[in-house]
Amino acid sequence: MRVVLALLLTASSVSSGLAAQSPPAAQPQSKETEKAPADAQPDGGYTYHSEGRRDPFVNLLGTGLEGVAVLRRGDGPASMLVSEIAVSGIMQSRDALVAMIAGPDKRTYVVHAGDKLLDGIIKDVTPQGLVITQRVTDALAQVKHREVRKLLRSLEDAK
């Protein structure tokens with residue numbers, strides 16, 4: 001019993017000695033740890049320093065837009081692709097035919113022979129529809145222009 005009591009007293013004195021010690025005071029940080037890393041931006045982002053290596057976040061295959069001119073869209077028929085328009089009517093205007101086309105914006109426009117589209121020019125207006133010379137943007141194509149016929153909707157539905 002005396003041995004157990006001696007062990008308990010020894011254990012309690014050790015634990016009270018540990019409790020009596022104060023926790024270590026917070027040491028002031030040095031100037032090196034206070035400043036941000038060299039790569040850090042003020043907004044929290046990081047920059048990549050290549051140092052002769054390639055950027056791992058750049059797509060190796062590329063997007064394919066480097067060599068292709070981007071067409072800027074405006075207003076009216078000049079901002080529409082040949083594939084986006086539909087011929088809704090043909091009218092006689094003085095001595096020439098004019099066409100009514102419906103665009104992707106659900107509006108109707110009147111076009112004449114020689115008017116430009118985003119990727120083509122209206123070559124002719126016939127009683128059946130439009131004849132359009134379309135620019136081919138495929139780099140591997142041997143032909144750079146092709147002739148596209150856009151017929152009236154009623155004629156397209158009859159086929």
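Descriptive notes on the structure:
- Amide H partners (placed H, <5 Å) of Leu117, local residues excluded: Ile122
- Computed magnitude of the charge dipole of the range 77-158 (debye, nearest 20; Cβ of K, R +1, Cβ of D, E -1): 100
- Taking other Cβ atoms within 10 Å as a rough exposure proxy, Lys106, Lys144, Lys150 sort from fewest to most as Lys106, Lys144, Lys150.
No lab work stands behind these numbers, since they all come straight from the coordinates. Owing to the predicted nature of the structure, the values given are computational and were not obtained by experimental measurement. Virtual Cβ from ideal backbone geometry, glycine too; neighbours counted across all protein chains shown.
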